[in-house]
Protein chains: 2
Amino acid sequence: MRMSDTVEWAAHCCTVLGALPHDQALPAARLAEFHDVPPAYLAKALQALTAAGITESRPGPLGGYRLARPPAEVTLLEIVLAVDGAATAFRCREIRQRGPVAADSPRAYRQPCGIARAMWRAEDAWRAELAATTVGDLITELIATVPAAQLLRGAEWIKQVEITRRSRA
Amino acid sequence: MRMSDTVEWAAHCCTVLGALPHDQALPAARLAEFHDVPPAYLAKALQALTAAGITESRPGPLGGYRLARPPAEVTLLEIVLAVDGAATAFRCREIRQRGPVAADSPRAYRQPCGIARAMWRAEDAWRAELAATTVGDLITELIATVPAAQLLRGAEWIKQVEITRRSRA
């Protein structure tokens, strides 16, 4: 079982977008450059985030992606489900309904079996944990753990993108 | 993110094996027949369970698979990890170490970032829930929920397999 790598990219992008100055947006190409990831794949992830109402895309020469909601109102769970799909990892194939001793009536199978219920309980626990972390938490944690000089370098890089864009707009 | 279908098969097989009469074993082909699943794929899953010490394989004309431990001592987590692999679903690619504002020194990245830690917390919660269900629980739940007539049909099918094998042995 494997989560797609683009989930990690999306979570990092949301963290950067959540920390942007109020009036700034970042195009997908700049976000790809910032994280050194393939632009085409990242663009797909950003489109998924926008479709889920997590990011929004503004048109125009100073346009690009922004977080659609305050960082404290976007959970890691929403990002994971938007990019990796909302289906459960365990999908019950109801093999209990097959084979020589299966019941004739589908009524015998109205309740999910113990295996499926245990699997889904586990996924509920996983989702609850991811829902407890917001982009706001990730930003707070970055500020607390990344050296100030590196945070400044990040802020400076983002500022330079905007200065360059404004000079061309 | 998707769990392999063979995990469901393996969990059902362990439940059947855990409910076998004391001196009986079931060959992979009979387990595949019982669950109406492809024998070759099921055989791979059973080999993985045996490699993990969950099932054991006895040779000979009355041989086959048995649970290697009491049902109450085999957890659903062990079955999932044996068949689907023990790697975490989220694999941190450390993209924070890439791009124009990454730190020069690897020392800056000794601690995992907040995204990775939240992902792994969620997987720990998922694993804890799966570790809380044993094959013994699954058998207890089957006995409590499956109609007696169907349980008897299952027991009868398993008994007939043994009778047929003994008549040929």
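For residue B:150, only one of the following conditions fails: (1) free of Cβ contacts under 8 Å to residues at least 12 places away in the same chain; (2) more than 8 Å from chain A (Cβ to nearest Cβ); (3) open to solvent by less than 50 Å² (accessible area, probe 1.4 Å); (4) of a type in the set (S, T, N, Q). What is its number? That leaves (2) as the condition not met.
So which residues in segment A:117-131 are open to solvent by less than 70 Å² (accessible area, probe 1.4 Å) and more than 8 Å from chain B (Cβ to nearest Cβ), if there are any at all? Within segment A:117-131, just A:131 meets the criteria. If you go through segment B:108-121 and pick out every residue that is touching a residue at least 24 places away in the same chain (Cβ under 8 Å) and either out of contact with any Ser or Thr (no Cβ under 7 Å at 6 or more places or on another chain) or within 19 Å of residue B:8 (Cα to Cα) (or both), you end up with 2. Once segment B:18-34 is narrowed to residues that are under 17 Å from the mean Cα position of the chain (by Cα) and open to solvent by less than 10 Å² (accessible area, probe 1.4 Å), the residue that is farthest from the other protein chains (Cβ to nearest Cβ) is B:26. Only one of the numbered conditions (1) open to solvent by 50 Å² or more (accessible area, probe 1.4 Å); (2) under 16 Å from residue B:119 (Cα atoms); (3) not β-branched (Val, Ile, Thr) is violated by residue A:82, and that is (1).
Return a yes/no flag: does segment A:64-74 have any residue that is under 11 Å from the mean Cα position of the chain (by Cα), within 12 Å of chain B (Cβ to nearest Cβ) and either surrounded by 14 or more Cβ atoms within 10 Å (Cβ to Cβ) or closer than 24 Å to residue B:89 by Cα (or both). Outline the logic, then answer.
Of the residues in segment A:64-74, the ones under 11 Å from the mean Cα position of the chain (by Cα) are A:74.
Subset that is within 12 Å of chain B (Cβ to nearest Cβ): none.
Checking segment A:64-74: not a single residue is under 11 Å from the mean Cα position of the chain (by Cα), within 12 Å of chain B (Cβ to nearest Cβ) and either surrounded by 14 or more Cβ atoms within 10 Å (Cβ to Cβ) or closer than 24 Å to residue B:89 by Cα (or both).
β-branched (Val, Ile, Thr), away from chain B (no Cβ under 14 Å), within 30 Å of residue B:126 (Cα to Cα) and open to solvent by less than 10 Å² (accessible area, probe 1.4 Å) - does that describe any residue in segment A:38-52? No - not one qualifying residue is present in segment A:38-52.
Considering only residues that are without any contact (Cβ under 8 Å) to a residue 60 or more places away in the chain and in contact with a Lys or Arg (Cβ under 9 Å, 6 or more places away or on another chain), which ones fall in segment B:30-62? Scanning segment B:30-62 gives B:35, B:36, B:37, B:53, B:54, B:55, B:56, B:57, B:58.
The values are calculated or read from the model by the stated rules, or taken from the named source; none is laboratory data. Treat the numbers as computed from the prediction; the structure is a model and nothing was measured. Positions of Cβ are generated from backbone atoms using ideal geometry, with glycine treated the same way; all protein chains shown enter the neighbour counts. Calculation scope for accessible area: heavy atoms of the full protein, side chains included, ligands and nucleic acids excluded. Shrake-Rupley method; radii C 1.70, N 1.55, O 1.52, S 1.80 Å.
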